[in-house]
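Written below as structure tokens is the structure these notes are about.
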Amino acid sequence: MANMLLVVAAAIMMVVNGVAAETYTVGDDSGWTVPSTPDLYTDWAADKNFAVDDVLVFPFSAPHNVAEVSKDAYDQCDAGDAEVFRLGPKEITLTENGPHYFICTFASHCTGGQKLVVTVGAPTTSAPSPTSSSTPSGPSMAPSLSPSSPPPPSDTPATGSSPPMSISTFFSVSFIASVMAFLF
Ligand SMILES: [Cu+2]
């Protein structure tokens, strides 16, 4: 029975967390190299919506390499003490929201355009804000800027009071209920 509950819990996590991670080949057919046009990697990233757990594959061979660096290092093409991966192809998983900067540290390749910035979790045109628990930012910011209605005083009877459900919580509970109905 405990095993069954574990399976159910795993299924719920998959339902709540949604889509699987994507894998992107940097530069597509061009690979990771000094590009023929300086904007190749900017253009490559421009039409993609990167998410946490997506994977970038940098296809290269010596003498190229890849390092994830700070914005300053990216701007100045100076990797400093960042870890440099010299064996390609190299897979790098995007583990955090925000911008990620990559350069090749060999000779002047970076200044020649072998540099990439991808932004993870960038707002898309129509996506609702995710209810994922991984990002604690959000409604706590700027509480005084909007003049919208304050929460009304609650006079609901004690028997009916419960915290509001998010959509995903609702579906999770529904899912659990249907599984339980199936099991018993
Ligand atoms: Cu290079």
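All of the numbers you see were taken from the coordinates with simple rules; none came from a lab. A quick note: this is a predicted structure, and the numbers were derived from the prediction, not measured. Cβ atoms come from the backbone with ideal geometry, glycine included; neighbour counts cover every protein chain shown.
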(request) With θ set to phi - 60°, apply the Karplus curve 6.51 cos²θ - 1.76 cosθ + 1.60 along segment 90-106 and write out the HN-Hα couplings as whole Hz, x wherever there is a Gly or Pro. (result) 10, 9, 10, 8, 7, 9, 9, 5, x, x, 10, 10, 10, 9, 9, 8, 7
(message) How large is log10 of I(q)/I(0) for segment 17-119 at q = 0.10, 0.17 Å⁻¹ when the intensity is taken from the Debye formula with one equal scatterer per alpha-carbon?
(response) -0.24, -0.71
(request) Using a cut-off of 11 Å between beta-carbons, work out the net charge of the residues near residue 85 (Lys and Arg +1, Asp and Glu -1, residue 85 not included). (result) -1
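Charges only on Cβ, +1 for Lys and Arg, -1 for Asp and Glu: so what's the dipole of segment 17-119 about the Cα centre, in debye to the nearest 20? Intermediate values should be presented prior to the final figure.
Numbers: 5 positive and 16 negative charges, 47 e Å.
That gives a dipole near 220 debye.
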(request) Take every DSSP beta bridge with both residues inside segment 17-119 and express the antiparallel ones as a percent of the total, to the nearest 5. (result) 80
